[in-house]
Amino acid sequence: MTSPRDDDRFDWHAAERDLTDPTTGGPDAEVLDLDAARAARTPDPDDDGGPLLVDSPAAQRSPRFTLDGVRAGQRRPILPAWLRSRTELRDVMRWAVGHLLHATGYHATRLPKYAAKLALRAPGGGWRMVSGATRWLFDWEGEPHRQATSPSKDGELYLKLSKQRDRRVRWRGIVVTFSLAVMLAGGVAVALAPLWARWAVLALLVTLCGLLGQPADKPLLDTAVVVPRVARLTSDVVVRALAVLGISGISQAIAKQGHRAIGFTAPIVRDGPGWRADIDLPPGVTAGDVIERRDRLAAGLTRPLGCVWPEGQPEVHPGRLLLWVGDQDMAATKPAVWPLLKGTGGFDLGRPVPFGTDPRGRVISFELPYTNVLIGSIPGYGKTAATQVPLLAAALDPYAELWCFDFKGTGGLDPLEKVSARYASGQDDDTAEKGLLALRELRKECQRRAAIIKGLPKAVCPDNKVTPELARRKKLGLHWLVVALDEVQELFSHAEFGKEAGELAEKIIKLGRALGVILVVATQRPDAKSLPTGVSANAGTRFCLRVMGQIENDMILGTSAYKNGIRATMFAKKDKGVGYLVGAADDAQIVRTFYIDGPTAEKVTERARALREAAGTLTGHAIGQTPATPAARRDTLLDDILTVLPATEPKVWAETLTERLAELNADAYGELTRDQLTAALKPYGISTGQVWGTDPATGKGANRRGIERQHITDAVAERNKRRGDKAA
């Protein structure tokens, strides 16, 4: 018979001939072992003579335990998060004490009610006590069994039951007699006791009888705290919810593998006021696919939308989903109080700024120095309120300087006016111009600070950046400088000022981080025109509330954020003040910002003003000073140039033009230089070029930098067309 293994191949035709050939039959014929033949086709993994097939049992065997595998494993914390954080521990203890005091006060005020309940229920309880003792004494609980047994039918069993009843009644009678004697002696003792002791015994008896007379459905104590009953989150519930999302990859995997298609990398556990599940989705399904169906996921879990918060963990892999399901709707819970409202002291901006809370109720903070903040959303979802939080924290640091500009003009930042060195609010050209002039001054301030830092010894400034210690040294002038630009799209898209403002903001946001200059930019229209790419790309901390599309999402949160499952499009209409915070931690965080209403913000800034007055750091707009700037107003500059430049003079030198402007209006143009004039004309598309002219001092001709009158005329016509004015 042919051997089952011959060059790792089995000759099935030969085997069939052997089985059907009568000459090979008989008692000495060999029987083919098909299992052995199949096993022979699979090389032994320990055999160096052949390769290991990928579909072999040896290749699919689980990997062996290795030390490297243990080292790469993630160690779970020994203590829970609220024990590792002093702030969270303090909050938990404060809540526990408050809960205990509330419950104590609640029940203390109802003591008369509870006493009345006990008095009314005491007679019924006494009757229950006497009737129960009587039934026990005469063994009435065994009476039905004795009555069911007839002496004529089963005399022996009846006799046994009767004897048993007699024994029970005999010794129970002894117990009752002894108890009555003790009670009689106690009654005599109580009768001879002081009055307060008799009342105490009476109260004890009434309480005991009242508790015995309590109906099963009517407890004595009222409920001091109503705790919502929430069903436990289980793997079956999660799998069922994922199955109804309409994602083909999940549906097909569950149909083939059942619940094993969804992997749970850790047990589902309580995490704060809710449940946490770490999930591995089927191959080919990303966390973003589930996140964008958050409403259907909540329906599958039968929980309110504000309780269900799915998050991706792209640092693990795109298919890792972290699902947190809260006990209560986040929008329905009482907002947390901003920690900095407590006390009357100041705040060191070098410390993390409390910004909001996550769905678990934990305080989320971020460091304001060495970063720039970008906040965005569609209108009406708490963008300005979110912008206020870091600005109010900066206001409470008396050594930090604030510049605030509200280009929406609704007064959202008005409480900060009393502590701001520069402030402007409005939708007009004047406010936009003030914002541009501030950016110019800020660019110069960055250059000044860079020169100071460069000249400091390495022992004082080893990393060539402003430190909290340097920020406190008033002589150096390196204090934290926080500049807020709310509704910044109105500035960056401005026809006259937008281009230069965008270029300046991009330079400042790149260089100012190490110089103690912090930009806080907020916008409701995050596109390339309204928010320059250089500005959005260099913001280290980003907060995005509800937006409507992927482009807006990635403009605020960063490129590929939407692809990685960080999607602010999932927030619902009622999720006001809730957004994704990126840059404050290693992973993106869902945060509900602290809400500080207008009157509360006024109280904070009054406190901040008092701190600044005491420290001698209240300057600028806050004390009525107007910023001294050599820049010219742009709304009259073009007209003034046409006034001093007659039509008969097509070209003029720049320095000649500055002299004529100074003669026309010394207050506005007295200190105007050629370079400043060039910068002022740049946003209109007017540049200087070589102009031939005669020097009146020497009478000699020369080529110098100058402008053409026709360019000014064209710019005025374009401006009037934009404004809807008639050409002069």
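The values are calculated or read from the model by the stated rules, or taken from the named source; none is laboratory data. None of these values were measured; they are calculated from a predicted model. Here Cβ is always computed from backbone atoms with ideal geometry, including for glycine, and neighbour counts include all displayed protein chains. Areas reflect the complete protein model, heavy atoms only, side chains present, ligands, DNA and RNA absent. Shrake-Rupley method; radii C 1.70, N 1.55, O 1.52, S 1.80 Å.
So, in segment 228-243, of the ones that are exposed (fewer than 12 other Cβ atoms within 10 Å of the Cβ) and among the charged types (D, E, K, R), which residue ends up modelled with the lowest pLDDT? Within segment 228-243, the match that is modelled with the lowest pLDDT is R229. The strands (runs of 3 or more DSSP E) found wholly in segment 479-547 and carrying at least 1 residues that are over 24 Å from the mean Cα position of the chain (by Cα) occupy 481-486, 517-523. Residues that are over 28 Å from the mean Cα position of the chain (by Cα) and hydroxyl-bearing (S, T, Y) were ranked within segment 596-625; the one that is nearest to E441 (Cα to Cα) is T619. Considering (1) open to solvent by 70 Å² or more (accessible area, probe 1.4 Å); (2) part of a helix (DSSP H, G or I); (3) within 30 Å of A116 (Cβ to Cβ), the lone condition that L180 does not fulfil carries the number (3).
When segment 325-347 is limited to residues that are charged (D, E, K, R) and open to solvent by less than 50 Å² (accessible area, probe 1.4 Å), the one that is nearest to D278 (Cα to Cα) turns out to be D327.
Being at pLDDT below 90, under 34 Å from the mean Cα position of the chain (by Cα) and open to solvent by 10 Å² or more (accessible area, probe 1.4 Å) is true of P468. Taken together, A394, A400 contain a single residue that is open to solvent by less than 10 Å² (accessible area, probe 1.4 Å) and out of contact with any helix residue (DSSP H, G or I) (no Cβ under 8 Å at 6 or more places or on another chain), which is A394.
Here is a yes/no grid of residues against (1) under 57 Å from the mean Cα position of the chain (by Cα); (2) surrounded by 11 or more Cβ atoms within 10 Å (Cβ to Cβ); (3) closer than 16 Å to G361 by Cβ; (4) among the aliphatic types (A, V, I, L, M):
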residue	(1), (2), (3), (4)
M93	yes, yes, yes, yes
H99	yes, yes, yes, no
T104	yes, yes, no, no
W127	no, yes, no, no
S131	no, yes, no, no
F138	no, yes, no, no
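Scanning segment 375-422 for residues that are among the hydrophobic types (A, V, I, L, M, F, W, C), touching a Ser or Thr at 6+ places or on another chain (Cβ under 8 Å) and either assigned to a helix (DSSP H, G or I) or free of Cβ contacts under 8 Å to residues at least 60 places away in the same chain (or both) gives A385, A386, V389, L392, A395, L416, V419. The criterion of at least 2 residues that are among the basic types (K, R) and farther than 30 Å from M330 by Cβ is met, among helices (runs of 4 or more DSSP H) falling completely within segment 576-672, by 598-615.
Working only within segment 183-227, note down all residues that are in a helix (DSSP H, G or I), more than 13 Å from L118 (Cα to Cα) and open to solvent by less than 70 Å² (accessible area, probe 1.4 Å).
Within segment 183-227, A185, G186, G187, A189, V190, A191, A197, A200, V201 meet the criteria.
Scanning segment 527-546 for residues that are farther than 15 Å from I508 by Cβ and open to solvent by less than 10 Å² (accessible area, probe 1.4 Å) returns S530, T541, F543, C544, L545.
With respect to G558, is the statement that it is small (G, A, S), surrounded by fewer than 22 Cβ atoms within 10 Å (Cβ to Cβ), more than 30 Å from R473 (Cβ to Cβ) and modelled with pLDDT of 85 or more true?
Spelling it out, G558 is indeed small (G, A, S), surrounded by fewer than 22 Cβ atoms within 10 Å (Cβ to Cβ), more than 30 Å from R473 (Cβ to Cβ) and modelled with pLDDT of 85 or more.
Residue-level check: of (1) within 17 Å of E311 (Cα to Cα); (2) of a type in the set (A, V, I, L, M); (3) in contact (Cβ under 8 Å) with a residue 12 or more places away in the chain, A243 misses just (1).
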